[in-house]
Amino acid sequence: MSSTTLTDWAYPLAESLLSEPLPRRWAHSQGVAERARTIASILGSDADLMEAAAVLHDIGYSPDLAKTGFHPLDGARYLRDVARADERLVCLVAHHSCAWMEAEARGMRDELEGEFSRELPHLADALCYCDMNTTPDGAPTNPVDRVNEITGRYGPDSLIGKFIRRAEPEILACTARVVERLSAAKRQPM
């Protein structure tokens, strides 16, 4: 039995797909994984799964994988069909950070939800928290600034600009739920 973790497998895969063509996206993905490590205490046995999903969440932007132009779907399909990844990991990537709302805006929601089931809500919240608390360069931020940055980068009238503003209340709610779980865990006696 190998002692290799999902995370041990995920980092070199993400690096191979992102570091050269998209170095800033690679830096962001590493930062998202770093955020995942900071919340490991509330994830229990899913901490490794979350860190792996965090580092892989944006691989669908890789020019080698971008087929539909919708990165959660492209990344998840690659993980499922080529990398033969853990199904829970694939589903987390497919649905990360309110992807269903962007899929709906692209007319792809049925396709996304038909192929990939949603992971447990607390894990979806955790991945959204990690993603939306990380800048494009991998540094910590907060979800309000992150949504504003995304809107500014893509433009308020773009598909992404409109999607991220529509998703903002749910992004903030995900973050609040994770912060509450972290706070509750800290209140527990050791």
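The values are calculated or read from the model by the stated rules, or taken from the named source; none is laboratory data. Fair warning: this is a prediction, and the values are worked out from it, not measured in the lab. Here the Cβ is made from the backbone with ideal geometry for all residues, glycine too, and neighbour counts use every protein chain on show. With ligands, DNA and RNA removed, areas are computed over all heavy atoms of the protein, side chains included. Shrake-Rupley method; radii C 1.70, N 1.55, O 1.52, S 1.80 Å.
Would you check if ASP125 is acidic (Asp, Glu), in contact with a helix residue (DSSP H, G or I) (Cβ under 7 Å, 6 or more places away or on another chain) and within 16 Å of ARG35 (Cβ to Cβ)? The answer is yes for ASP125.
Counting only helices (runs of 4 or more DSSP H) wholly contained in the stretch 106-190, the ones carrying 3 or more residues that are closer than 30 Å to ASP81 by Cβ and among the acidic types (Asp, Glu) occupy 109-115.
Of all residues in the stretch 95-105, exactly one satisfies the criterion of being out of contact with any Asp or Glu (no Cβ under 8 Å at 6 or more places or on another chain), buried (at least 18 other Cβ atoms within 10 Å of the Cβ) and not small (Gly, Ala, Ser), namely GLU102. Would a scan of the stretch 82-94 turn up a residue that is among the acidic types (Asp, Glu), open to solvent by 10 Å² or more (accessible area, probe 1.4 Å), free of Cβ contacts under 8 Å to residues at least 40 places away in the same chain and farther than 24 Å from ALA185 by Cβ? Checking the stretch 82-94: at least one residue is among the acidic types (Asp, Glu), open to solvent by 10 Å² or more (accessible area, probe 1.4 Å), free of Cβ contacts under 8 Å to residues at least 40 places away in the same chain and farther than 24 Å from ALA185 by Cβ. Summed over the stretch 180-190, residues that are of a type in the set (A, V, I, L, M, F, W, C) and touching a residue at least 24 places away in the same chain (Cβ under 8 Å) total 2. The criterion of at least 2 residues that are in contact with a helix residue (DSSP H, G or I) (Cβ under 7 Å, 6 or more places away or on another chain), modelled with pLDDT of 95 or more and more than 13 Å from ASP131 (Cα to Cα) is met, among helices (runs of 4 or more DSSP H) falling completely within the stretch 7-95, by 47-56, 71-81, 87-94. Within the set ALA40, ALA66, the sole residue that is without any contact (Cβ under 8 Å) to a residue 40 or more places away in the chain and open to solvent by less than 40 Å² (accessible area, probe 1.4 Å) turns out to be ALA40.
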